[in-house]
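Asker: Before anything else, here's the structure in question.
No lab work stands behind these numbers, since they all come straight from the coordinates. A quick note: this is a predicted structure, and the numbers were derived from the prediction, not measured. Methodologically, a virtual Cβ is constructed for each residue, glycine included, from the backbone with ideal geometry; neighbour enumeration extends over all protein chains shown.
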Amino acid sequence: MATITTGINAATLNGRHHKAALTVFMVIVVAHWAEHLVQAVQVYAWGWPLAEARGVLGLPFPWLVTSEWMHYGYALLMLVGLILLRKGFTGSARTWWNISLGIQVWHHLEHLLLLLQKLSGVYLMGRPVPTSILQLIWPRMELHLFYNAIVFAPMVVAMVLHRRAHAGATCTCAVAH
C-alpha cells in the first residue's frame, strides 16, 4: 500500500514553507480577531444587546458563540500554531513571537478552565455560568477583545521584524531590500 506524504515536516514548515504557513495562520487569526471586533461594534456602535451581538458567523450560526468547544478549539489552534511556527523566527522577532506565545498559553488555560466548567457543570466561585479567572474582574466580551489584542500585537511586531532580511533565517519570508 502506497504512503501518501505531503513532504512537510518541522524543518520545511519553518524553512521553505514558513511564509505559506504564516499566511494561512494569519488569515485564521485575523478572521477570528475580526469576529471579536464586529461583536464589539454590534454592542458599542449599534447598541445591540450582548445576547444578540454574535459577530459575523454567529448571526447565522448562533451556537458558535455559546460553544465552549469551539472557543477552546480556537485557543488550542492558536497555541499550536504559535509553537509550530516559532522555530522559523530568529533574533528580536523570536523574542516578540515568544511574548505572543506566552500570553496565548495563559489565554488557552483560561479557555480550558471554561471548557472544564461547561463539561462538569461546576462553575468558578459559584457563578451561574462558566467563568475564567480574569472574567471575575472584566466582562467576557471585553476580556476576549483584550486577550486577542495582546496576543496579536506582539505577533505582528514579530512578523514585521521577521520579514526584514536577517542572518540565521531558515525561511524565505524576508523581503528583499
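Asker: Rounded to the nearest 500, what is the chain's calculated 222 nm mean residue ellipticity when only DSSP H runs of at least 4 contribute -39500 (n - 2.57) each, over all residues?
Answerer: -19500 deg cm²/dmol
Asker: For the range 63-68, what does the Karplus curve 6.51 cos²θ - 1.76 cosθ + 1.60, with θ = phi - 60°, yield as ³J(HN,Hα) per residue in whole Hz, taken in order and with x for Gly and Pro?
Answerer: 5, 4, 5, 9, 7, 5
Asker: Pop out the ³J(HN,Hα) list for the range 75-86 in order, Karplus 6.51 cos²θ - 1.76 cosθ + 1.60 with θ = phi - 60°, rounded to Hz; leave Gly and Pro as x.
Answerer: 4, 5, 4, 4, 4, 5, x, 5, 6, 5, 8, 4
Asker: Sort MET125, MET155, MET26 by Cβ crowding within 10 Å, fewest neighbours at the top.
Answerer: Working: MET125 8, MET155 25, MET26 17.
Fewest to most other Cβ atoms nearby, the residues stand as MET125, MET26, MET155.
Asker: Mind running the shape call on the range 97-173? Use the C-alpha gyration tensor, a ≥ b ≥ c as the square roots of the eigenvalues: rounded below 1.5 for a/c, prolate if a/b tops b/c, oblate otherwise. Display every interim value, and only then the final one.
Answerer: Values: a/c = 4.71, a/b = 2.80, b/c = 1.68.
Taking the square roots of the gyration eigenvalues as a ≥ b ≥ c, the range 97-173 is prolate.
Asker: Could you work out the local net charge near VAL157, counting Lys and Arg as +1, Asp and Glu as -1, over the other residues with Cβ closer than 12 Å to its Cβ?
Answerer: On the way: positive: ARG94, ARG163, ARG164; negative: none.
Neighbourhood net charge equals +3.
Asker: Then there is this: Relative to the longest principal axis of the C-alpha atoms of the chain, give the angle of the C-alpha long axis of helix 140-163, reported between 0 and 90° and rounded to the nearest 10°.
Answerer: 10 degrees
Asker: For every other residue with a beta carbon closer than 12 angstrom to the beta carbon of CYS173, add +1 if it is Lys or Arg and -1 if Asp or Glu, then tell me the sum.
Answerer: Working: positive: ARG16, LYS19, ARG163, ARG164; negative: none.
It works out to a net charge of +4.
Asker: As a footprinting exposure proxy, order ILE137, ILE103, ILE83, ILE150 by other Cβ within 10 Å, with the fewest listed first. Each step should come with its number before you reach the end.
Answerer: On the way: ILE137 8, ILE103 20, ILE83 12, ILE150 16.
Ascending number of Cβ neighbours within 10 Å: ILE137, ILE83, ILE150, ILE103.
Asker: I've got another one for you. Relative to the longest principal axis of the chain, what angle (0 to 90°, nearest 10) does the C-alpha long axis of helix 18-40 take?
Answerer: Between helix and principal axis, roughly 20 degrees.
Asker: Relative contact order for the chain: what is it in percent, counting Cα pairs under 8 Å that are at least 6 residues apart? Please list the in-between numbers first.
Answerer: Working: 171 pairs, mean separation 48.7, N = 177.
Computed over the chain, the figure is 28 percent.
Asker: Hey, in the GNM for the chain with a 10 angstrom Cα cutoff, which one of GLY88, GLY58, GLY47 fluctuates hardest?
Answerer: The residue that fluctuates most here is GLY47.
Asker: Mind checking the range 89-152 for trypsin sites (Lys or Arg not before Pro) that DSSP puts in a loop (not H, G, I, E or B) and that have at most 14 other Cβ atoms within 10 Å?
Answerer: Values: sites: ARG94, LYS118, ARG140; in loops: none.
Within the range 89-152, no trypsin sites (Lys or Arg not before Pro) qualify (loop, at most 14 other Cβ atoms within 10 Å).
Asker: Can you give me the long-range amide H partners of ARG164? Hydrogens built in the peptide plane at 1.01 Å from N, cutoff under 5 Å, separation of 5 or more residues or another chain.
Answerer: VAL175
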